[in-house]
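Below: the structure, in structure tokens.
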Amino acid sequence: MRYVSLRSILMVLLSLSVRVHAEPSFSNQQIEFFEREVRPILAEHCYSCHSTSADKLKAGLVLDSHEGVLQGGDSGPAVVPQNVDESLLIQAVRYEAFEMPPRGKLSDQQIQTLERWVADGAAWPTESDVKVAKREFDWDQRREEHWSWQPIQVSPVPEAFDAKYGMIRNRVDQYLAQRLEQANVPVATEADKVALVRRLYFDLIGLPPTVQQVDQFLTDSQSDAYERLVDDLLRSPHFGEKWARHWMDLVRYAETCGHEFDYPLPHAYRYRDYLIRAFNADVPYDQFVREHIAGDLLPHPRHNPEEKYNESIIGTGFWFLGEAVHAPTDVRGDEVLRIDNQIDVMCKTFLGLTVGCARCHDHKFDPIPTKDYYALAGFLQSSRRQEAMLDPGQKIETAVAELQRTHTSAEQKLIANVVAQLQDWAVRDDQELQPLVELSAQSHPRSNSNNTNQSAAVCFTDFSSLEDWFVTGPAFSAQPVAGWNGSAAAPAFRPSTSIASDSLAAPLHGALRSPTFELKHDHIHYRIKAKNAQIRLIVDGYTMDTFAPSCLRIAR
């Protein structure tokens, strides 16, 4: 954090005020160059959309006044005098951004003319200045007027039509008949049974019917033959396979990271199978969305009906199915691209909106302001990919719960026995025990409470340095547990800064994550004693280091 004095702030504000309000002074040669070379380019290629005389002013940008050029439009100042590369007008005509004029790029000579004009201070004759009022965009009004933001309403069902619409069998047909009547379109003839059975198979399971299946439908003379066939196909496992494929296209499913090395995406198939099961189980859409957006945070996740593992957490895998590169030259830039891809996919899939434009400017058509885009980006930037361990049959969860009950009971008995023994020693006049009694008094000040376990327990759970660490999996339990420092130099019963992953049982799987921190030194030192463990330093959420050569990986 850098602190700036009040005096410095006032000096900056004063300089800005002088810059804005001071009357610019340009030479006759500069004004002549503008009128002879620059204004004709602007008038021919820009004024039809960006002037006070335009039929419809676009992007709030006015280019026929000096104030309008400096003030700019919705995206900011069009020209920054003497700064060619930072001027949006120059970026646009270079086709680096916005690509203006849209009907064709200016010639190289025209672009150089505009660059020379900006570099020389963007001269403009005083008498041509026109005051331009900055327009404020009414976001609330736009949301109220735009059709896609209107609340869902129940429309009245049209009344039945005359006999020429004999195809009316349900309410949906009544809506169709109404529109046909309004458009004066005749009713199509009803498809024969062969066409119907083929359409059903292709629409619901994506496969053609066999000859035997067609014959079975043709020979079924019952009135509900069509409805029963629909129900049979909806119960088919191929239904989930067919519709999961469409969903996989929406979330850019792949089993590799793409790019030039095309590294594999471990366990991607589990998300594919999750989709198939979800469609076949007819999971409610609102539940389906929750599982995708935050399935790892649901207080009551959905479990697989057969193997009992957590289904909901698998839905979050879609966030990480995008392209990834092995060694980006710009780690920050790579992070921005990954988050932008995640936002783009999530909003197109679940909102039906393309919000990528809001990354650079307010997207007023939808409308999505830039601040909303980066608010969502903040959530994703603070999230981290993890490989969750599934628990078939919830065997691990059950065993962990039993181990926790056993440990809690044993710990309470141990503490009670130790405290009782210390209290017994404290009343004895034994010179050999006196140092230990004094040491105990320092580590465990006697409580006024009658509950003797309470004061001892404080020592066992006082791990303030670990409060901000994150735990996943049962290895480290729900709260980090500090190990005991057994060195002779340390006071007894005082927890060290080490952390044990075998507090419940050695084989348990889990991860302990530190809070995000800033690298301020050339080296990071680890001290670890383990038979099977891995340490990973993740910079800005970058996870492709798993594919680095083993000599470069921080592991074991």
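The values are calculated or read from the model by the stated rules, or taken from the named source; none is laboratory data. Everything numeric here is computed off the predicted structure, so don't read it as measured data. Using ideal geometry, Cβ is built from the backbone for each residue, glycine included, and neighbour counts are taken over all protein chains shown. For accessibility, only protein heavy atoms count, side chains too; no ligands or nucleic acids. Shrake-Rupley method; radii C 1.70, N 1.55, O 1.52, S 1.80 Å.
Could you pull the accessible area for Ile396 with a 1.4 Å probe, rounded to 10 Å²?
Taking all protein chains as shown, Ile396 has close to 60 Å².
With every protein chain left in place and a probe of 1.4 Å, what is the accessible surface of Leu204, to the nearest 10 Å²?
That residue has around 30 Å² of solvent-accessible surface.
Enumerate the calculated ³J(HN,Hα) couplings along the stretch 70-77 in order (Karplus 6.51 cos²θ - 1.76 cosθ + 1.60, θ = phi - 60°), each rounded to whole Hz, writing x wherever the residue is Gly or Pro.
Calculated HN-Hα couplings, in order: 6, 6, x, x, 5, 9, x, x Hz.
Kindly flag which residue pairs out of Lys242/Lys395; Lys193/Lys242; Lys56/Lys364; Lys242/Lys348 have an alpha-carbon separation exceeding 26 Å in this structure.
Result: Lys242/Lys395 exceed 26 Å.
Roughly speaking, what is the stretch gain from Ala43 to Arg169, that is 0.36 nm per residue apart minus the C-alpha to C-alpha distance, in nm to one decimal?
Contour length minus Cα-Cα distance gives 39.1 nm.
If you wrap the stretch 268-345's Cα atoms in a convex hull and average its projection over all directions, what's the area in nm²?
Projected over every direction and averaged, the Cα hull of the stretch 268-345 covers 6.2 nm².
Fully extended, how many nm does the chain gain between His303 and His523 (0.36 nm per residue separation, minus their Cα-Cα distance)?
74.8 nm
Computed FRET efficiency, Cβ-Cβ of His267 and Phe202, R0 41 Å: what is it to the nearest 0.05?
According to the calculation, E is roughly 0.85.
Taking 0.36 nm per residue of separation and subtracting the Cα-Cα distance, what length does fully extending Ala506 through Ala399 add?
That pair, Ala506 and Ala399, stretches by 37.2 nm at full extension.
Find the Cα radius of gyration of the stretch 195-333, compare it with 2.2 N^0.38 Å by division, and give the number to two decimals.
So the stretch 195-333 has a normalised radius of gyration of 1.36.
Run the quick spin-label model on Gln29 and Ala327: label points 7 Å from Cα toward the beta carbon, then report their separation in nm to one decimal.
A separation of 5.2 nm, rounded to one decimal place.
Check the straight Cα-Cα distances from Lys308 and name the aspartates and glutamates below 20 Å, setting aside those fewer than 8 residues away within the same chain.
Asp273, Asp282, Glu291, Asp296, Glu387, Asp391, Glu397, Glu402
Taking R0 as 45 Å, what's the FRET efficiency between Ser148 and Gln216 from their Cβ-Cβ distance, rounded to 0.05?
0.55
R0 = 45 Å: FRET efficiency of Glu190 with Trp139, Cβ-based, nearest 0.05?
Between Glu190 and Trp139 the formula returns 0.35.
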